[in-house]
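**Student:** Take this structure, written in structure tokens, and hold onto it; I'll ask about it next.
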Amino acid sequence: METEHVGKLSIVEGEEHDDLCTTLVLHGEDHTMGNVVRHMLIKNPAVEFAGYSVPHPSENKINLRIQTYNTPCLSALYTALDDITDVCDHVLETIDKAEEKFQG
């Protein structure tokens, strides 16, 4: 029972949730994104719990559960996504520098 989704993200309906504890659905994603997002969420000291599950192997979505101490869950998610972007940018820069060094 999730809300109708327009983009990649929706909130699960039918459960009690508030700003500090909620379950989100990321559409079009699998274990790859789920594990990365969970890892970045757990590194955030404001996050008490983060976990994900794939409801069924044939469904192309993940359920992401976030529980925080005093930060809204969506804020923690956006911080995690920004952190993932920063890590990816760093990896790309490192590869580019190594390639330039190799090319000579």
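The values are calculated or read from the model by the stated rules, or taken from the named source; none is laboratory data. None of these values were measured; they are calculated from a predicted model. Here Cβ is always computed from backbone atoms with ideal geometry, including for glycine, and neighbour counts include all displayed protein chains. Just so you know, the surface numbers come from the protein's heavy atoms only, side chains and all, with ligands and any DNA or RNA stripped out. Shrake-Rupley method; radii C 1.70, N 1.55, O 1.52, S 1.80 Å.
**Student:** What ranking of Lys61, Lys8, Lys43 comes out by heavy-atom accessible area, probe 1.4 Å, highest first?
**Tutor:** Lys43, Lys8, Lys61
**Student:** Can I ask one more? Between Leu81 and Glu48, with labels modelled 7 Å along Cα→Cβ, what's the label distance in nm to one decimal, could you check?
**Tutor:** Those two pseudo-labels are separated by 2.4 nm.
**Student:** Can I ask one more? List the residues, sorted by chain then number, that are 5 or more residues from Ile11 or on another chain and whose placed amide H is less than 5 Å from its amide H.
**Tutor:** Thr3, Val25
**Student:** Calculate how steeply helix 73-103 sits against the longest principal axis of the alpha-carbon atoms of the chain, using the helix alpha-carbon long axis, and give the answer as 0 to 90 degrees to the nearest 10.
**Tutor:** It works out to around 20 degrees.
**Student:** Here's a follow-up. Leaving out same-chain residues fewer than 8 places away, which lysines sit with a Cα under 28 Å from that of Lys97?
**Tutor:** Candidates past the 8-residue exclusion: Lys43.
**Student:** Kindly write out, for the range 47-55 in residue order, the coupling ³J(HN,Hα) from the Karplus curve 6.51 cos²θ - 1.76 cosθ + 1.60 (θ = phi - 60°), rounded to whole Hz, with x marking Gly and Pro.
**Tutor:** For the range 47-55, the Karplus-derived couplings read 9, 7, 8, 8, x, 9, 8, 9, x Hz, x marking Gly and Pro.
**Student:** Another one. For n ≥ 4 DSSP H runs only, could you compute -39500 (n - 2.57) per run for the chain, divide by its residues and tell me the 222 nm figure to the nearest 500? All intermediate terms of the calculation are to be shown ahead of the outcome.
**Tutor:** Values: 2 runs with 44 residues, N = 104.
It lands at -15000 deg cm²/dmol.
**Student:** So, one more: Could you compute how much accessible surface Ile11 exposes when probed at 1.4 Å, giving the result in Å² to the nearest 10?
**Tutor:** Its accessible surface works out to 60 Å², give or take rounding.
**Student:** Pairs of Cα atoms under 8 Å, at least six residues apart: use those to get the relative contact order of the chain, whole percent. Could the numbers behind the result be given before it?
**Tutor:** Numbers: 155 pairs, mean separation 25.4, N = 104.
Across the chain, relative contact order equals 24 percent.
**Student:** Also: Run the simple label-point estimate for Leu9 and Glu93 please: 7 Å along Cα→C-beta, distance reported in nm.
**Tutor:** Reported label-point gap for Leu9 and Glu93 is 2.5 nm.
**Student:** Here's a follow-up. Hey, what angle do you get for helix 31-43 against the long axis of the chain, alpha-carbon based, 0 to 90 degrees rounded to 10?
**Tutor:** Its long axis makes an angle of about 90 degrees.
**Student:** Just to be sure I understand, if you calculate Kirkwood radius over Cα pairs in Å for this structure, which of (i) 16.1; (ii) 16.6; (iii) 15.0 do you get?
**Tutor:** (iii)
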